[in-house]
Amino acid sequence: MSLASRQYNEKRNFLRMQIDSPVAISMQTESGEITGICRDLSGGGMQVEADRVLPMGAMLNIAIMPPHSDTPMLNAKAEVTRVDSGPDDTCTLGLEIREMLPT
């Protein structure tokens, strides 16, 4: 599908894939791990539902654990570029992948 034939909200450099996989998040400036669900993934970023609000611009280490054992885990460094707060301190994060890390 060409970029011109896509709907306006899908005119991106990378197409998104829905994956709904568990994700482990660690902030590079804090210890501890945050859990969440990676809702979609593209070549340049991801959308993650996290169990707490994270600040814009935070640098994170991300580990996506796929539901199938034949699919490798994805490790990356990512930056928080969008934060949509939800109820009970949950949020949806827009993350831009800055670097892929070895598994």
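The values are calculated or read from the model by the stated rules, or taken from the named source; none is laboratory data. Keep in mind that what you see is a predicted model, and the values were worked out from it rather than measured. Cβ atoms come from the backbone with ideal geometry, glycine included; neighbour counts cover every protein chain shown.
Data overview
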item: Criterion violated by residue 59 - all others in (1) free of Cβ contacts under 8 Å to residues at least 40 places away in the same chain; (2) aliphatic (A, V, I, L, M); (3) over 11 Å from residue 23 (Cβ atoms); (4) buried (at least 18 other Cβ atoms within 10 Å of the Cβ) satisfied; result: (4)
item: Condition broken by residue 44, with the remaining ones in (1) at pLDDT 90 or above; (2) among the small types (Gly, Ala, Ser); (3) within 23 Å of residue 88 (Cβ to Cβ) satisfied; result: (3)
item: Pair list, Cβ < 6 Å and 6+ apart or interchain, from the range 86-103 residues that are farther than 22 Å from residue 72 by Cα to residues that are of a type in the set (Gly, Ala, Ser) and modelled with pLDDT under 90; result: 91/85
